[in-house]
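Values in this text are rule-based calculations from the coordinates and carry no lab data. Note that this is a predicted model, so its numbers are computed, not measured. Quick reminder, even Gly has a Cβ in these numbers, built from the backbone with ideal geometry, and neighbours come from all protein chains shown.
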Amino acid sequence: MKSLDDWFADYAVCHRHPGNIAIHKVAVPGIYLSVIGLLQSLPGAPAALGWGALVAIPALLFYLRLSFGLFAGMALFTGAGLWGWHTLATVTPIWPWAVGLFVLLWIAQFVGHHWEGKRPAFFTDLQFLLIGPLWVLAAIYRRLRLPY
């Protein structure tokens, strides 16, 4: 299995343009949350969890294998996102919000990659869809001087 440093080095190849990096810092966490929201809006999951929580479990286990510190941050972020979607669902259907967020943020991502002049990393390996949120979180940890 690749190390966290290997994943980040490979991911960074497609993320060097300052505009693309700035877009990713906003869009990647938003896309992550929008996917959780879309999954939470699907019927048929155990009522206590929802599909978003169930699908997040293997992603969080992947993060745990790479870094306990980043896993902890992603677990908190995921939990906060699930709570947010649950709270919003008490007043309105969440799927339109999740779809709108997903579409707008992916458009922004592709604008960033146009500026970058490179295709998104996930075109070469779908696991990069899981690495993106860690890459953004690791940048926050570094800025706060938190170990991971």
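Contour minus end-to-end for Arg143 and Phe110, with contour as 0.36 nm per residue of separation and end-to-end as the Cα-Cα distance?
Extending this stretch completely gives an extra 9.3 nm.
Dipole of the chain, Cα-centred, from +1 at each Lys and Arg C-beta and -1 at each Asp and Glu C-beta, to the nearest 20 debye?
The dipole of the chain has a size of about 280 debye.
Just want the answer: with Cβ charges of +1 for Lys and Arg and -1 for Asp and Glu, which residue in Trp135, Gly19, Gly73 is farthest toward the dipole's positive end in the chain?
Gly19
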